[in-house]
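Enquirer: Pasting a structure here, questions to come.
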Amino acid sequence: MPKKSRNTKTGGEILIFDNQYIQERIKKTKKLREIGINPYPNQIKKGMPSKHFLAENEILKELDAEVKKDETKHYTLTGRIKFVRIMGKAAFAKIEDNDGLVQIYYNRDDLPEGYYNDVVKKLFEVGDIIEAKGFPFVTQTGEITLHCTEVNIVSKAIFPLPEKFHGLQDQELRYRQRYLDMIMNPHVKETFVMRSKVVSLVRRFFEEKNFLEVETPMMHPIPGGANARPFITHHNALDVERYLRIAPELYLKRLIVGGMEAVFEINRNFRNEGMDHTHNPEFTMIEFYWAYHRYTDLMNITEELFDYLFDNLGLDRKLPYGEIKIDFTTPFTKVPYIEALTTIGGIPAEITKDKVKILAYLKEHKIEADENLTLGYLQAELFDAFVEEKLINPTFITDFPVDISPLARRSDDNPDIAERFELFMAGKEIANGFSELNDPIDQYERFKAQVDTKEATGDDEAMHMDTDYVKALSYGMTPTAGEGIGIDRLVMMLTNQHSIRDVLLFPAMKPEAPRPELQPLCDVETICKKCGHDVAEDLKPAKKGKGMFCIDVAACKQRAQEKAK
RNA sequence: GACCCGUUAGCUCAGCUGGUAGAGCAAUUCACUUUUAAUGAAUGGGCCCUAGGUUCGAAUCCUAGACGGGUCACCA
């Protein structure tokens, strides 16, 4: 049998199982069936959580007897076998459930006739999920253990687990096979339990403040609410392009126009940009909008939220983050944007307010910048290069240049700055909030300025003109403050994780490297029935009947037309 | 996108200036009725990421590529 076609079928056998270890395990599975044991039974109930079992039998350790045990008690435990130590006619194993490891003991004489030698010892192994019934005792080395009178298979594993001591180290496998990572590296689960708690608490916090949770579209006709490149998809029935949302902002503010005075949404945004340790193409944000409030109120409620999270998670206000320590004690420091350039970034004040001087300063420090950028954008270049990474403890940077804040309200005192802040910690942006721009004419002009920027600098992340949104504002929106908080990055801070991939259950990965011989056999027709297009990646099978059709309907039509000519 | 590092048994990793591919765990067989990464003995297990090149000979050297990790750039 050829060894080289992992993903194909040959002779009716699926060859991902073509491996000595897997074959051994499949043999054992078959043997179980032969002797009338279903390796995948359906009627098993979860046993007592291992933690409860251990806690409840802690008292056995106090017994004065030679053998510390209580045969009057009966327990059922369930879990995955992580270790097996067979010593002839008796054996110890450790099984793991959601709470952790617990030891079980079984021997030839206390199990049904022949069951130990023929079944448990030979056919149960590390990786299998089992059910164990018996009474508690304490071993000579002082470990509370279940002495089994019955052991049953719950689910047979036909793939072996990684090595028991070193576990699964390979980062790639850890991300691609997260379930295996979770089986082998218990702390991984802790991080995601923490993440779940954070999301839940954030939701509860806003609900308790009478915010309404809403769900707005994820497929947008015009991408908006942030500066970012969107993913593009196609709606077949309408034959239109749709953009996966880069932010929910503009829809949430439409709801404020509609009279909802406090709303929030926690969900994914999608940005078609580079990936690194702080960027995943899909990421989770909470955005909330609060009528009759200003950006200063947002800073207060943000501090309140952090206190709420830390109190409910029982976390110390000073948390380690790699080499550094972050002090989350509220209130957080507040520094105006331009001031931060000087006090934190160390840039002479006279430079920070002059385009020509900034360009010279940037050049001096070997930072490339487009000369067509406006003052605000140039100040942003300075901020990114000299300030951002120095913001370790939570810091609100306030009063942003208005031209880099196209959706924020101008300050009544100074038309060049916006009522906006961003919250930074450990050199990373965590939140962004502002008093919302509710002047429809001003909003129109700002969109237009974005479109102009796009033309002047080719910045394809600048915003699009969204006249539908301007129309909504034109009906009148109450003065409103709105904020977005990056949940992934927040969880990174709270769990001392330095890669966003470690707080995402299934981070985005490139497709696995294809091995040439392993390509699936393709015996169906490989050209589009309508236009004759023959690039396999562009084709999909017909919904009904046979044949292939183009995924991109518009392109298909065009090809068909050209062919007709 | 640029640079650096990695890819060898199911897993964790060795493999020197090029000379028949190694260990531990795991697996198979045997011994062992309180072990703690159980122990002892024997056996089996490799497209050395892929494709080219240099060479009498390549896991090893060269070129290109794939995937992963890191640094930087991009992402206000």
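Enquirer: Taking loop as defined by DSSP and a crowding limit of 15 other beta carbons within 10 Å, which GluC sites (Glu not before Pro) in segment A:57-103 fit? Could you put the intermediate results ahead of the total?
Expert: Details: sites: A:E58, A:E62, A:E66, A:E71, A:E96; in loops: A:E66, A:E71.
Sites meeting the loop and neighbour criteria: A:E66, A:E71.
Enquirer: With a 1.4 Å probe and all protein chains left in place, how much accessible area per residue does chain A have, in Å²?
Expert: 54 Å²
Enquirer: A further question on this structure: When only DSSP loop residues count, what GluC sites (Glu not before Pro) in segment A:248-349 have their Cβ near at most 11 other Cβ atoms within 10 Å? Mind dumping the intermediate values first?
Expert: Values: sites: A:E249, A:E261, A:E265, A:E273, A:E282, A:E287, A:E303, A:E304, A:E323, A:E339; in loops: A:E261, A:E273, A:E323.
Passing both the DSSP loop test and the Cβ count: A:E323.
Enquirer: Express as a percent, rounded to the nearest 5, the fraction of DSSP beta bridges in chain A (both residues included) that run antiparallel.
Expert: Working: 83 of 93 bridges.
Antiparallel: roughly 90 percent of the beta bridges in chain A.
Enquirer: Under a point spin-label approximation (7 Å from Cα along Cα-to-Cβ), what is the A:I59-A:S200 distance to one decimal in nm?
Expert: In this crude label model, A:I59 to A:S200 measures out at 3.1 nm.
Enquirer: To continue, here is another question. For segment A:142-233, state which GluC sites (Glu not before Pro) are in a DSSP loop and have at most 11 other beta carbons lying within 10 Å of their beta carbon. Intermediate values should be presented prior to the final figure.
Expert: On the way: sites: A:E143, A:E150, A:E163, A:E172, A:E190, A:E207, A:E208, A:E213, A:E215; in loops: A:E143, A:E163, A:E215.
Sites meeting the loop and neighbour criteria: A:E163, A:E215.
Enquirer: Take the cross-link list A:K27/A:K133; A:K390/A:K471; A:K30/A:K94 and give me the ones stretching past 31 Å between alpha-carbons.
Expert: Going by Cα-Cα distance, A:K390/A:K471 fall outside the 31 Å limit.
Enquirer: Ok, one more. Taking R0 as 41 Å, what's the FRET efficiency between A:E143 and A:K209 from their Cβ-Cβ distance, rounded to 0.05? Could you put the intermediate results ahead of the total?
Expert: Details: r = 48 Å, r/R0 = 1.18.
Approximately 0.25, to the nearest 0.05.
Enquirer: As a test of the formula, what do you get for chain A when each DSSP H run with n ≥ 4 contributes -39,500 (n - 2.57) and the sum is divided by the residue count, at 222 nm and rounded to the nearest 500 deg cm²/dmol? Before the final figure, lay out each step's value.
Expert: Numbers: 14 runs with 158 residues, N = 565.
Mean residue ellipticity at 222 nm (helix-derived): -8500 deg cm²/dmol.
Enquirer: Further question: Could you work out the relative contact order of segment A:207-257? I mean the mean sequence separation of Cα pairs under 8 Å and 6+ apart, divided by the number of residues, in percent.
Expert: On the way: 62 pairs, mean separation 19.2, N = 51.
Relative contact order for segment A:207-257 comes out at 38 percent.
Enquirer: Moving on. In nm, give the distance between the simple-model label positions of A:H235 and A:H279, each being 7 Å from the Cα along the Cα-to-Cβ direction.
Expert: In this crude label model, A:H235 to A:H279 measures out at 2.8 nm.
Enquirer: I would also like to ask the following. For the residue pair A:E445 and A:Y179, what label-to-label distance in nm results when each label sits 7 Å from Cα along the Cα-to-beta-carbon direction?
Expert: Placing both labels 7 Å beyond Cα along the Cβ direction yields 5.8 nm.
Enquirer: Now, a different point. Rounded to the nearest 10 Å², what accessible area does A:V193 have for a 1.4 Å probe in the complete protein model?
Expert: 70 Å²
Enquirer: Would you work out the charge dipole size for chain A about its Cα centre, treating the Cβ of every Lys and Arg as +1 and the Cβ of every Asp and Glu as -1, and quote it to the nearest 20 debye?
Expert: Working: 77 positive and 91 negative charges, 654 e Å.
The dipole magnitude comes to about 3140 debye.
Enquirer: Please give the FRET efficiency for A:I44 paired with A:D170, using the beta carbon to beta carbon distance and R0 = 22 Å, rounded to the nearest 0.05.
Expert: Using R0 = 22 Å, I get an efficiency of 0.10.
Enquirer: Counting chymotrypsin sites (Phe, Trp or Tyr not before Pro) as exposed when in a DSSP loop with at most 12 other beta carbons within 10 Å, what is the longest stretch of chain A free of them?
Expert: A:293-474
Enquirer: Now for a separate question. In chain A, what percent of the accessible surface is made up of carbon and sulfur (1.4 Å probe, ligands and nucleic acids excluded)? Please report the intermediate quantities before stating the final value.
Expert: Values: 15630 of 30270 Å².
Percent of accessible area from carbon and sulfur atoms in chain A: 52.
Enquirer: While we're on this one: So what is the relative contact order of segment A:13-131, in percent, for Cα pairs below 8 Å that sit 6 or more residues apart? Don't skip to the end; give the middle numbers.
Expert: Values: 124 pairs, mean separation 28.0, N = 119.
Relative contact order, segment A:13-131: 24 percent.
Enquirer: Follow-up question, since we're still on this one. Give the relative contact order (percent, whole number) for chain A; include only Cα pairs under 8 Å separated by 6+ residues. Walk me through the numbers before you get to the answer.
Expert: Details: 988 pairs, mean separation 64.4, N = 565.
Rounded, it is 11 percent for chain A.
Enquirer: Applying 1/(1 + (r/R0)^6) with R0 = 51 Å to the Cβ-Cβ distance of A:K318 and A:E113, what FRET efficiency is obtained, to the nearest 0.05?
Expert: Details: r = 61 Å, r/R0 = 1.21.
For R0 = 51 Å, the calculated efficiency reads 0.25.
The values are calculated or read from the model by the stated rules, or taken from the named source; none is laboratory data. From a predicted model like this one, the values you see are computed outputs, not experimental measurements. In this analysis, Cβ positions are derived from the backbone assuming ideal geometry, glycine residues included, and neighbour counts consider all displayed protein chains. Protein only, heavy atoms only, side chains kept; ligands, DNA and RNA dropped before computing areas. Shrake-Rupley method; radii C 1.70, N 1.55, O 1.52, S 1.80 Å.
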